[in-house]
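Participant: Pasting in a structure now, in structure tokens, and then I'll have a few things to ask.
Read-outs: derived from the displayed coordinates by stated rules, not from any lab. Source: prediction; values computed, not measured. When we count neighbours, we look across all protein chains shown, and the Cβ atoms used for this are built from the backbone with ideal geometry, even at glycine.
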Amino acid sequence: MFKLPGLSLTFAALALSTSALADTQLKLGSTERVTRLFAYPNNCNVICYRNWTLEQTVQHYLTQSVQRDGYHTAKVRVRKDKQQLVADISGVPKDYAKPLRALLDAGDLAHNGANKLNADGKWAYSWYLFLPLGMALENRKSVELLHFPPDYSLTQAQDYLESKTTDRWATLLTVNGIAAEQTPAYQTIIDIAPIAAPSNAGKDLEGVYGYFKDYQTTMVRQFSQTASGVTLPMVAFGAPVRNWIKEQYGPTVTVLGLAHINPTPSVTVPVLGSNHPSYIWYAADPENYDGDQAKADAAGLKVMGQDLSAACWQAGMGSKPSSDPSVQLNSCTQNWQVTQKVKTCELFYTSIRQLTPEQAAAKCSAPDIKPQLEQLRAPLPALAQAAPHL
């Protein structure tokens with residue numbers, strides 16, 4: 001006990017508990033449940049890449065969420081309480097636990113699907129169940145529907161938003177006026193296969209989607225509206241995802257095709273079809289055109305124009321969800337495929353062909369490239385489209 005003049009204080013009186021200071025508190029469940037929902041341990045193979053406890057792992061992802069929601073002074077503490085794990089979070093609204101609880105409940109559905117997949121002998125030894133942890137839970141601006149997360153996002157980065165795919169798309173969002181620190185709010189991801197797998201495993205995952213139907217539809221229903229009732233725009237990336245939209249909700253979604261889905265009867269969500277963010281490297285590969293570099297560049301330029309237009313739509317609709325989706329799309333395609341086609345060209349050559357800005361500017365102002373720029377809206381060569389897993 002401290003002895004101060006006229007005052008006697010115990011350690012307990014000096015230090016209020018974290019839980020007493022928490023603005024919201026969430027019981028995460030048993031150790032067993034939390035272990036499977038957080039893919040714990042994330043990166044251990046005899047030696048742990050990061051030797052974190054279960055509590056540290058959960059705290060890591062929850063901290064990512066509060067930061068990406070804009071609560072930069074928030075504090076997260078995860079602790080055990082009678083065989084249950086509890087998260088105490090300060091510096092957030094008192095109802096902040098609600099979307100987190102919904103995510104974990106959906107995660108139970110994903111785990112059920114993975115168990116059935118394994119029971120049917122279709123689960124690969126190199127796969128991990130990986131939920132979209134660390135996303136913005138409250139202040140999200142748009143939803144990205146994707147195929148599956150690459151395994152290194154889990155085992156190396158422990159960050160769902162750290163991958164070649166998400167990094168490229170974040171860059172396109174910044175080109176379209178979104179501040180770099182704000183892009184995570186636009187990249188709230190739902191993968192139709194919640195499986196961290198090698199990045200080239202897309203074709204191997206064909207046939208697994210039906211096992212996760214309850215999880216998928218629950219996530220779309222939860223993420224497509226904010227707590228205040230704002231309906232968020234959705235981008236469907238890649239052929240497997242666009243096909244899934246048709247199978248699950250009805251409308252056909254093509255690249256730069258606009259559709260609407262109804263996760264619930266009273267909610268209508270605008271959905272834009274897009275290339276997979278990594279598709280451009282396939283479409284622009286000269287090997288797909290018998291080594292013809294000019295054809296590969298022409299295809300790559302078309303994909304760059306499509307991708308910039310899709311990111312423009314996402315940025316505009318996410319910033320102002322009350323906008324007319326069709327008007328926004330027309331504005332974006334006109335901008336990147338007509339008005340700023342030289343800028344589109346320069347971005348292709350700097351980001352995909354790795355030219356310097358000066359080299360790209362020279363390339364895109366050369367007379368021999370003008371016919372390609374005039375054809376930005378033309379269909380892609382058939383060979384470049386033959387990548388169903390993208």
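Participant: Using just the alpha carbons, could you tell me how many Å³ per residue the convex hull of the range 92-178 encloses?
Facilitator: Numbers: hull volume 10.1 nm³, N = 87.
Taking the convex hull of the Cα positions in the range 92-178, it is 116 Å³ per residue.
Participant: Then there's this: Tell me which cysteines of the chain come out unpaired when the rule is another cysteine's Cβ under 4.7 Å.
Facilitator: none
Participant: At 222 nm, what value in deg cm²/dmol follows for the chain if DSSP H runs of at least 4 each add -39500 (n - 2.57) and the sum is divided by all its residues, to the nearest 500?
Facilitator: Working: 15 runs with 158 residues, N = 390.
So the calculated ellipticity at 222 nm is -12000 deg cm²/dmol.
Participant: Let me ask another. What residue among 195, 24, 327 has its Cα farthest toward the positive end of the dipole of the chain, where the charges are +1 on Lys, Arg and -1 on Asp, Glu, each on the Cβ?
Facilitator: Result: 24.
Participant: List the residues whose amide H sits under 5 Å from the amide H of residue 276, counting only those 5 or more places along or on another chain, with H placed 1.01 Å from N in the peptide plane.
Facilitator: 238, 239
Participant: Here's a follow-up. What is the packing order of peptides 122-132, 364-374, taking the mean over residues of other C-beta atoms within 10 Å and listing the highest first?
Facilitator: Top to bottom by mean Cβ count within 10 Å: 122-132, 364-374.
Participant: Let me ask another. Counting only DSSP beta bridges with both residues in the chain, tell me the antiparallel percent, nearest 5. Could you put the intermediate results ahead of the total?
Facilitator: Details: 26 of 38 bridges.
The antiparallel fraction comes to roughly 70 percent.
Participant: How fast does the chain diffuse by Stokes-Einstein, in µm²/s, taking the Kirkwood radius from C-alpha pairs at 25 °C and 0.890 mPa s? Write down the numbers at each step before the final one.
Facilitator: Values: Rh = 22.5 Å.
For the chosen part, D equals 109 µm²/s.
Participant: In whole Hz, what ³J(HN,Hα) sequence does the range 137-142 give by Karplus (6.51, -1.76, 1.60; θ = phi - 60°), x for Gly and Pro?
Facilitator: Calculated HN-Hα couplings, in order: 9, 10, 9, 7, 10, 7 Hz.
Participant: Sticking with this structure for a sec: Straight-line reach from residue 82: which lysines have Cα under 30 Å away, leaving out those fewer than 8 places along the same chain?
Facilitator: Straight-line reach from residue 82, under 30 Å: 27, 94, 98.
Participant: Helix 341-351 versus the longest principal axis of the chain: what is the Cα-based angle in degrees, 0 to 90, to the nearest 10?
Facilitator: 60 degrees
Participant: Shifting gears a bit: Which entries of 203/302; 164/246; 164/320; 80/246 have Cα-Cα distances beyond 32 Å here?
Facilitator: Numbers: 203/302 24 Å; 164/246 27 Å; 164/320 27 Å; 80/246 44 Å.
Where the Cα-Cα span goes over 32 Å, the pairs concerned are 80/246.
Participant: Still on this structure, please answer the following. Relative contact order of the range 287-360: what whole-number percent is it, with Cα pairs under 8 angstrom and at least 6 residues apart? Intermediate values should be presented prior to the final figure.
Facilitator: Numbers: 50 pairs, mean separation 21.8, N = 74.
Over the range 287-360, the number comes to 29 percent.
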